[in-house]
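All remarks here apply to the structure that follows.
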Amino acid sequence: MNRRRSFLATIAFILSSTGLPPTDAVAFTMTLGPVPGTQVTVACCQSPLPDETHWSPRELPEQFTTTVGDGRHHSLSTYDLSNDRLAIDVQHALPMGEHGSTRSYGSIFFSVDEDVLYDAAGAYSAINAAGRQIELQAWLADVTEDPVGATVFVSVQESRSSSNVDLVLGASQGDHDNVRIGDLAGTLTSGRRYRFSYFTRLSSQPPFDGFDGDASASGFVSLDLSEIPEPSTATLIGVGLVALGLRRRVILLKL
């Protein structure tokens, strides 16, 4: 019993000595900018005069919803932008017998004040979409020196003939086009300016005729940021576990 208590006390000491911050604490800061470049858009309905709504978020956190359309024919986006997460949910609908396009897209410029890990995700699913154009795109670029940007990652998928479509960011599930460059997870550098862009669309334009029923699509894109674990913390835990193993071995030899 005493050996067990000593073993648990040693583990507690190692974990308390790592200096880990609380799990809900975020040490880094994400800053949006430049404002003129940061813009998100929802657009709908029939060409050549679609209805569009634009929004330029200025500060974090920012939560809002925008929608355009007339109910059966609509585009809706919900934004949840925080210090460590950029997330956009989308819902699109096209009625039977109409040409048109519903889409949500935008570019968010930002920088961070220390190196961080990033993890991008996204999905876009369409129902009864045969003969319509379904697209899911997202890309991250370093635009510090060049407004065009150096690619961090690109993911593009497009379907034109499948009826029920499930596109997942980074996969190759489009029946017409699939492109992937770079990694959906990695490291961003402090002081650099980045642009996170996305594009989702459910469209019924010539030659994409959709007269077989109402179609709908929904999904999301997101970019999550997190702190990079300090090497000293991992090293300390590793050394402590080795020491525990040696101590236990010595105890067993004495028995």
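The values are calculated or read from the model by the stated rules, or taken from the named source; none is laboratory data. Computed from a predicted structure; not experimentally measured. Counting neighbours? That spans all protein chains shown, and the Cβs are built from the backbone with ideal geometry, glycine included.
Quick notes
- Every residue from segment 149-196 that is within 17 Å of Val112 (Cβ to Cβ) and free of Cβ contacts under 8 Å to residues at least 24 places away in the same chain: Ala150
Matching residues to (1) at pLDDT 95 or above; (2) acidic (Asp, Glu); (3) within 30 Å of Asp214 (Cα to Cα); (4) touching a strand residue (DSSP E or B) at 6+ places or on another chain (Cβ under 9 Å):
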position: Ala120; (1), (2), (3), (4): yes, no, no, yes
position: Tyr124; (1), (2), (3), (4): yes, no, yes, yes
position: Ala129; (1), (2), (3), (4): no, no, yes, yes
position: Gln133; (1), (2), (3), (4): no, no, yes, yes
position: Ala138; (1), (2), (3), (4): yes, no, yes, yes
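- Conditions (1) part of a strand (DSSP E or B); (2) acidic (Asp, Glu); (3) modelled with pLDDT of 85 or more; number of the one not met by Glu52: (3)
- Matching residues, segment 159-183, being of a type in the set (D, E, K, R) and not in a loop (DSSP other than H, G, I, E, B): Asp166, Asp177, Arg180
- Residue count for segment 123-142, restricted to those that are outside any strand (DSSP E or B) and either of a type in the set (A, V, I, L, M) or surrounded by 21 or more Cβ atoms within 10 Å (Cβ to Cβ) (or both): 3
- Residues located in segment 172-188, provided they are of a type in the set (A, V, I, L, M, F, W, C) and more than 17 Å from Leu223 (Cβ to Cβ): Val179
- Filtered residue count, segment 98-122, keeping only those that are surrounded by fewer than 16 Cβ atoms within 10 Å (Cβ to Cβ) and either of a type in the set (Phe, Trp, Tyr) or part of a strand (DSSP E or B) (or both): 2
- Of all residues making up segment 152-194, the number that are in contact with a Gly (Cβ under 6 Å, 6 or more places away or on another chain) and among the polar types (S, T, N, Q): 3
- In this structure, Val156 does not satisfy being modelled with pLDDT of 95 or more, more than 19 Å from Arg201 (Cα to Cα) and assigned to a strand (DSSP E or B).
- Among the residues of segment 59-94, those that are at pLDDT 80 or above, surrounded by fewer than 18 Cβ atoms within 10 Å (Cβ to Cβ) and not acidic (Asp, Glu) comprise Leu60, Pro61, Gln63, Phe64, Thr65, Thr66, Thr67, Thr78, Ser82, Asn83, Arg85, Ala87.
- Test: residue in segment 184-203 that is modelled with pLDDT under 90 and either touching a Ser or Thr at 6+ places or on another chain (Cβ under 9 Å) or hydroxyl-bearing (Ser, Thr, Tyr) (or both): yes
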